[in-house]
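Here's the structure we're looking at; comments come further down.
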Amino acid sequence: MVCPGLAVEQRRGKVEKQVMSVPNISCGHCLATIKRELGQLEGVLAVSGDAQRRRITVEWEPPATREQIGERVAEAGYPAAD
């Protein structure tokens, strides 16, 4: 039997966080579109953003990957800057 507290601690160790610069963001609608698209990706835990700074912050765990997140944001029409 696995201790629930231990499982949570192990899970937290796999969570990744990234701030992405997304130059095409101009308003709250843009952020809502990105949040909706990333919310459909299994493993994405949280998405927040700042339209003025044109940045988003994404937290995820496997099976989601950094590459999948970047691709999904670009497919939504908001490619991240290099």
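The values are calculated or read from the model by the stated rules, or taken from the named source; none is laboratory data. Note that this is a predicted model, so its numbers are computed, not measured. Neighbour counts are summed over all protein chains in view; Cβ atoms, including those assigned to glycine, are modelled from backbone coordinates with ideal geometry.
Note on the stretch 35-82: residues that are over 12 Å from Q18 (Cα atoms) and β-branched (V, I, T) total 1. For the stretch 10-18, the criterion of being modelled with pLDDT of 95 or more and either among the small types (G, A, S) or surrounded by 17 or more Cβ atoms within 10 Å (Cβ to Cβ) (or both) is satisfied by no residue at all.
Residues that are acidic (D, E), touching a strand residue (DSSP E or B) at 6+ places or on another chain (Cβ under 7 Å) and in a strand (DSSP E or B) within the stretch 27-82 comprise just one, E59.
From the residues in the stretch 38-82 that are surrounded by fewer than 16 Cβ atoms within 10 Å (Cβ to Cβ), among the hydrophobic types (A, V, I, L, M, F, W, C) and under 10 Å from the mean Cα position of the chain (by Cα), which one is farthest from G28 (Cα to Cα)? Here the answer is L45.
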